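Beneath this line is the structure, given in structure tokens, with notes to follow.
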Amino acid sequence: MEHPISEAGLRKFLAGTASREETRAIVAHLLKGCPSCSDTLLGLAREEVPEEVYDNVLDCLEKNLTAKLDMPVAVDRQPARRAPRGGARRPLRGARRDPPGGAEVRV
């Protein structure tokens, strides 16, 4: 039996060029938990984004935050550990706008 979703279909879905019907079929298939398609989609998504794109986005984020907050901001470029599923991070409470002693803000 042939798999109902092709790699070409997943590429179109990822690029946003799949038709409405193709998109519905792929989403329905993924919601059923197909590990093969999930792994393929994850691999395709990773290969689509060149490494330097992240640096450009983080540079822009640092620049914009520094300007908006009127203080130095440094974006941590190390991959963050994600919170376990269902365990979302709590928002900061009582966070101050200006760190004590003019320290740099790390995001």
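Each value in this text was obtained by applying a stated rule to the coordinates, not by laboratory testing. Given the structure is predicted, the values throughout are model-derived calculations rather than measurements.
Here the extension length gained between Glu51 and Ala8 equals 13.1 nm, from 0.36 nm per residue of separation less the Cα-Cα distance. For the pair Asp59 and Glu22 in one chain, pulling the backbone fully straight at 0.36 nm per residue adds 9.7 nm over the alpha carbon distance.
Under a 5 Å amide H cut-off, with hydrogens placed 1.01 Å from N, Val75 pairs with Val107 among residues at least 5 apart or on other chains. Going by the alpha-carbon gyration tensor, a ≥ b ≥ c the square roots of its eigenvalues, is the stretch 1-75 rounded (a/c under 1.5) or, if a/c is not under 1.5, prolate (a/b greater than b/c) versus oblate? Prolate. Fully extending the segment from Thr66 to Leu30 would add 8.9 nm, taking 0.36 nm per residue of separation and subtracting the current Cα-Cα distance. For the stretch 7-48, the square roots a ≥ b ≥ c of the C-alpha gyration tensor eigenvalues yield an a/c of 1.5 or more together with a/b not exceeding b/c, which makes the shape oblate.
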